[in-house]
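Q: This is the structure I want to talk about, given as structure tokens.
What follows draws every value from the coordinates through simple rules; no lab data is involved. Note that this is a predicted model, so its numbers are computed, not measured. Backbone-built Cβ (ideal geometry, glycine too); neighbour counts: all protein chains shown.
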Amino acid sequence: MTAKLGAGWIATGGDVEGAITAMADMRERWQAAGRGAEPLDAVVMTGGAILEEGEPADSPRAVAQAGPRAAMLLHRAADAALAGLPMMAPMPPSMADIAARYVELARRFTPQGAHYLENHRGHLMFVKPEERPHVTAELIRRTTFTATERELTERVAALAEARYSEIALQIVPGQEHAIEDWGRIRRKFV
Amino acid sequence: MRFALAIPTDAESWRVVRRAEELGFSRAWFYDAQMLSADPFVAMAAAAVKTTRIRLGTGVLIPSNRIAAVAANAFASLNKLAPGRIDFGVGTGFTGRRAMGLRSDFMWPPRARGRAA
């Protein structure tokens, strides 16, 4: 529909490879709609945390800033298992076990028959205490922009190379100071 | 490459939006998720009067939870507060509707959609 209307496009993603694949697919649709010569205003919406050298991806600060976005994969897995909803994106094989364990936790959410209430509590805002063990360093690394400043600068440059025009970074409630960190990276692209 | 921020909407989101503007960010996207966060039009209106340059957009509006004419009126009102700085981002309502135990329209198989209609 984006290509048909000639609209701007907002993609969501947590890794550069997936964003590049999504862009290739959109470019194909853009061309097919006869818009090959027209510019595409493409936004990638993501989030994460800028790590200090040696800081683990599941440090308390990283979990607070990037954990809510990483938990999206778990919430979607529970929606798929408990409500029969599609995943929207393939489950990375390396994340399947941890997602399955979260689904087992979600089966016990109350009220029974309305798992979605507890499943989505805090969605994109905070990590629920009971889901914290499932929000691992690996999950955060694979599903968010969480890395050192140098690596994140390289990732943003790769997105620009793939012809994304904007990166939108989620700021988690209570972590508004993170905007200062992202502002440092922004200045490298002026 | 433009930099923007995406916000789980709060009535006081204008505070971080104003700081983002000072840091040179180009746009702020406000989530629309009725069970999870504040109303984006209210928060965007506050941000509109507290900022001067940064663009403000719904990121993204849930069409199935809104009456089109009412939403258009809200965007027009925002545009009067921040002329040319308002963006209409729209999606399927993926998270917002799931948090209410509802499906997004695009997920409905055609046959099921027909029955629902």
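Q: Just round it to a whole percent: the fraction of Cα-Cα distances in the range B:4-116 exceeding 21 Å. Kindly include the intermediate steps, with their values, before the conclusion.
A: On the way: 2336 of 6328 pairs.
In whole percent, the long-distance tail amounts to 37.
Q: Taking each residue in A:113-125, count the Cβ atoms of any other chain within 10 Å of its Cβ, then average. What number comes out?
A: Details: counts 1, 1, 1, 7, 4, 0, 3, 9, 3, 2, 10, 8, 6.
Across the residues of A:113-125, the mean count of other-chain Cβ atoms within 10 Å is 4.
Q: Still on this structure, please answer the following. Enter the angle in degrees (range 0 to 90, nearest 10) between the Cα long axis of helix B:68-81 and the first principal axis of the Cα atoms of chain B, meaning the one along which they spread out most.
A: Tilt relative to chain B: about 0 degrees.
Q: Within the range A:61-95, whose backbone N sits under 15 Å from a point 7 Å along Cα→Cβ of A:GLU138?
A: A:74, A:91-95
Q: Still on this structure, I have one more. Fewest to most neighbouring Cβ within 10 Å: what's the order for A:SER165, A:SER94, B:SER13? Don't skip to the answer; put the middle values down first.
A: Details: A:SER165 17, A:SER94 10, B:SER13 28.
Result, fewest neighbours first: A:SER94, A:SER165, B:SER13.
Q: Within 10 Å of each Cβ of A:96-103, how many other protein chain Cβ atoms are there on average?
A: The shielding value for this peptide is 0.
Q: What does the average come to when, for each residue of peptide B:11-18, you count the partner chain Cβ atoms lying within 10 Å of its Cβ? Can you show the working numbers first?
A: Values: counts 0, 1, 3, 0, 1, 7, 2, 0.
Mean partner shielding for this stretch: 2.
Q: Net charge near A:GLN31: determine it from the other residues with C-beta under 12 Å of the C-beta of A:GLN31, scoring Lys and Arg +1 and Asp and Glu -1.
A: Working: positive: A:ARG27, A:ARG29, A:ARG35; negative: A:ASP25, A:GLU28, A:GLU38.
It works out to a net charge of 0.
Q: Separate question: For A:THR148, put the label point 7 Å out on the Cα→Cβ axis and report which residues of the range A:38-70 keep their amide N under 18 Å from it.
A: Answer for this model: A:49-59, A:62.
Q: PRE reach from A:ALA158 (point 7 Å along Cα→Cβ): which of the range A:36-78 fall under 15 Å by backbone N?
A: A:47
Q: Could you state the angle between the C-alpha long axis of helix A:60-83 and the longest principal axis of the C-alpha atoms of chain A, as a value from 0 to 90 degrees rounded to the nearest 10?
A: 80
Q: Counting only residues 5 or more places away or on other chains, whose amide H sits under 5 Å from the amide H of B:MET100 once H atoms are built in the peptide plane?
A: Sorted by chain and number, the residues that satisfy this come to none at all.
Q: In addition: List, in order, the whole-Hz ³J(HN,Hα) value for each residue of the range A:166-177 obtained from phi through the Karplus relation with A = 6.51, B = -1.76, C = 1.60 and θ = phi - 60°; use x for Gly and Pro.
A: Result, ordered by residue: 8, 10, 10, 10, 6, 10, 7, x, x, 10, 4, 5 Hz.
Q: Continuing with this model, one more query. Let me see the pair-distance distribution of the protein assembly as shown: every alpha carbon pair, 20 Å bin width, integer percents in order.
A: 32, 62, 6
Q: If you don't mind, another one. Sort B:34-47, B:67-80 by the packing proxy (mean of other Cβ within 10 Å over each peptide's residues), most packed first. Present the calculation step by step, with values, prior to reporting the outcome.
A: Numbers: B:34-47: 20.3, B:67-80: 13.1.
My ranking of the peptides, most packed first, is B:34-47, B:67-80.
Q: Using amide H atoms built in the peptide plane, which far-off residues or other-chain residues are under 5 Å from A:GLY48 H to H?
A: A:PHE145, A:GLN170
Q: On to the next question. If packing is taken as the average number of other Cβ atoms within 10 Å across a peptide's residues, how do A:173-184, B:22-33, A:44-55 rank, most packed first? Don't skip to the answer; put the middle values down first.
A: On the way: A:173-184: 17.2, B:22-33: 22.9, A:44-55: 19.8.
Those peptides, ordered most packed to least, come out B:22-33, A:44-55, A:173-184.
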